[in-house]
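Asks: The structure's right below; bear with me while I get my questions together.
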Amino acid sequence: MSLTLVQAWTSAKKRLEAAQVDSPVIDARLLVEAAAAASRTDIISDPHRPLSAEQAATLDAYVGRRERREPVSHILGRKGFWKIMLGVNRHVLTPRPETEVIVDLALKSFPEGMAFSMLDLGVGSGAIALAILAERPAARGLGVDASEEALAVARENAANLGLAGRLALLRGDWTAGVDDASFDLVVSNPPYIATDVIETLQPEVRDHEPRLALDGGPDGLAPYRILATEILRVLKPGGVFAVEIGYDQSAAVEALFNEAGGYGVVTVKDLSNKDRVVTGTKNPLGNSGTMG
Ligand SMILES: C[S@@+](CC[C@H](N)C(=O)[O-])C[C@H]1O[C@@H](n2cnc3c(N)ncnc32)[C@H](O)[C@@H]1O
């Protein structure tokens, strides 16, 4: 007898619970939807719809991968971020909802219709840059990443979203090769986890996300020590920066940007009320802050 949607969901959920997956109900539903080509409402409105043998086998394989703590985003090969859908794989950080704080800040700083230039340092899947470009049709961006594999993901996402013409992608070490005062907006979600802490993270992150996207050096702050000075260098006077931080890094990262000459440096919290983004501008009057 073939498995129905609701039976498939229930048995997947039980297997994920036994594997101590954090969100077994949601994950089981997402995997059933994908394996059985069903919508969220199908599971409720048509719960007795049978899965084909092929769909049941696909679901079994998906659940097996999730039991081994592979993230749902890797199994499905996609993840929603802001208002866009992104392809993802093991070469990029799975975009996180808290990173949307950067997108929100950027959209508030640059109104629709405004032409501006943006640099995304550590572009990964392209999440931040593409979410902004999708809503700001006159903007153009450059995304830099040290990983060629990550850039391939960003390139494909840009093409799928019809944004390839406005997002240039460059392999490089942060701002190496970027001229002074080139951009109106610089965004970055750098790796910021202390090296020793990585081993204590959940297997989904520890074993499946790229180390290059996680490892912020011995205290997690190594990238900011470079980025603070470099972001202020490549920003145009009056330009805006926004960088994601770990929940306990606000004071240290604010200090680095203040030392580098940042103006109006503040920390913005995410929806969980945790410190999440340090933002500010480059003084339009020059780094001394005075005229003349
Ligand atoms: C935390 S991930 C952020 C990815 C994406 N921007 C996001 O928010 O989902 C950090 C990214 O920085 C890249 N990266 C790490 N070190 C770098 C470096 N020295 N220069 C450029 N990119 C680097 C990693 O390859 C990774 O894609």
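Asks: What are the pairs, 6+ residues apart or on separate chains, where a residue within segment 100-111 that is touching a residue at least 24 places away in the same chain (Cβ under 8 Å) has its Cβ under 8 Å from a residue that is more than 16 Å from the ligand (Cβ to nearest atom) and of a type in the set (Gly, Ala, Ser)?
Replies: That search, which allows pairs on different chains as well, returns Phe110/Ala139.
Asks: Which of the residues that make up segment 77-93 are more than 16 Å from Asp120 (Cβ to Cβ) and more than 11 Å from the ligand (Cβ to nearest atom)?
Replies: Gly77, Arg78, Gly80, Lys83, Met85, Gly87, Asn89, Arg90
Asks: Before we move on, is Ala12 within 16 Å of Ile75 (Cα to Cα) and over 27 Å from the mean Cα position of the chain (by Cα)?
Replies: Working: within 16 Å of Ile75 (Cα to Cα): yes; over 27 Å from the mean Cα position of the chain (by Cα): yes.
The answer is yes for Ala12.
Asks: For segment 214-251, give me the residue count where each residue is assigned to a loop (DSSP other than H, G, I, E, B) and either not small (Gly, Ala, Ser) or not assigned by TED's automatic domain parsing to the domain that holds Thr99 (or both).
Replies: Within segment 214-251, residues that are assigned to a loop (DSSP other than H, G, I, E, B) and either not small (Gly, Ala, Ser) or not assigned by TED's automatic domain parsing to the domain that holds Thr99 (or both) number 7.
Asks: Filter segment 95-120 down to the residues that are crowded, with 17+ Cβ neighbours inside 10 Å, within 13 Å of the chain's Cα centre (by Cα) and of a type outside the set (Asp, Glu) and list them by number.
Replies: Pro95, Thr99, Val101, Ile102, Val103
Asks: With respect to Glu100, is the statement that it is assigned to a loop (DSSP other than H, G, I, E, B) and at pLDDT 95 or above true?
Replies: no
Asks: Write out, first by first residue and then by second, each pair whose Cβ atoms fall under 9 Å of each other, whose residues are 6+ apart or on separate chains, and whose first residue, in segment 203-214, is more than 19 Å from Pro190 (Cβ to Cβ) while the second is modelled with pLDDT of 95 or more and within 11 Å of the ligand (Cβ to nearest atom).
Replies: From residues that are more than 19 Å from Pro190 (Cβ to Cβ), the pairs are Glu204/Thr94; His208/Thr94.
Asks: Restricting attention to helices (runs of 4 or more DSSP H) lying wholly within segment 1-69, give those where 3 or more residues are under 30 Å from Leu201 (Cα atoms) and modelled with pLDDT of 95 or more.
Replies: Those helices (runs of 4 or more DSSP H) span 5-18, 24-35, 53-67.
Asks: Could I ask something else about it? Based on this model, can you work out whether Val205 counts as under 23 Å from Pro97 (Cα atoms), in a strand (DSSP E or B) and within 14 Å of the ligand (Cβ to nearest atom)? First the steps, then the outcome.
Replies: On the way: under 23 Å from Pro97 (Cα atoms): yes; in a strand (DSSP E or B): no; within 14 Å of the ligand (Cβ to nearest atom): yes.
Judged against the criteria, Val205 is not a match.
Asks: State all residues of segment 99-130 that are of a type in the set (Asp, Glu) and more than 16 Å from the ligand (Cβ to nearest atom); if no residue qualifies, say none.
Replies: Glu112 - this is the single residue of segment 99-130 that is of a type in the set (Asp, Glu) and more than 16 Å from the ligand (Cβ to nearest atom).
Table: residues versus (1) closer than 30 Å to Ile245 by Cα; (2) crowded, with 17+ Cβ neighbours inside 10 Å; (3) in contact (Cβ under 8 Å) with a residue 24 or more places away in the chain.
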| site | (1), (2), (3) |
| --- | --- |
| Leu5 | no, yes, yes |
| Ala37 | no, no, no |
| Arg69 | yes, yes, yes |
| Ser73 | yes, yes, no |
| Lys83 | yes, no, yes |
| Leu93 | yes, yes, yes |
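Asks: Just one of the numbered conditions (1) surrounded by fewer than 21 Cβ atoms within 10 Å (Cβ to Cβ); (2) touching a strand residue (DSSP E or B) at 6+ places or on another chain (Cβ under 7 Å) is not true of Val88; which one?
Replies: Going through (1) surrounded by fewer than 21 Cβ atoms within 10 Å (Cβ to Cβ); (2) touching a strand residue (DSSP E or B) at 6+ places or on another chain (Cβ under 7 Å) one by one, Val88 breaks only (1).
Asks: Still on this structure, I have one more. Out of Arg49, Arg96, which single residue is of a type outside the set (Val, Ile, Thr), closer than 21 Å to Leu31 by Cβ and more than 16 Å from the ligand (Cβ to nearest atom)?
Replies: Every option except Arg49 fails the conditions.
Asks: Let me ask something additional. When you go through (1) of a type in the set (Val, Ile, Thr); (2) modelled with pLDDT under 95; (3) under 16 Å from the mean Cα position of the chain (by Cα) one by one for Thr290, which number turns out not to apply?
Replies: For Thr290, the failing item is (3).
The values are calculated or read from the model by the stated rules, or taken from the named source; none is laboratory data. Computed from a predicted structure; not experimentally measured. Using ideal geometry, Cβ is built from the backbone for each residue, glycine included, and neighbour counts are taken over all protein chains shown.
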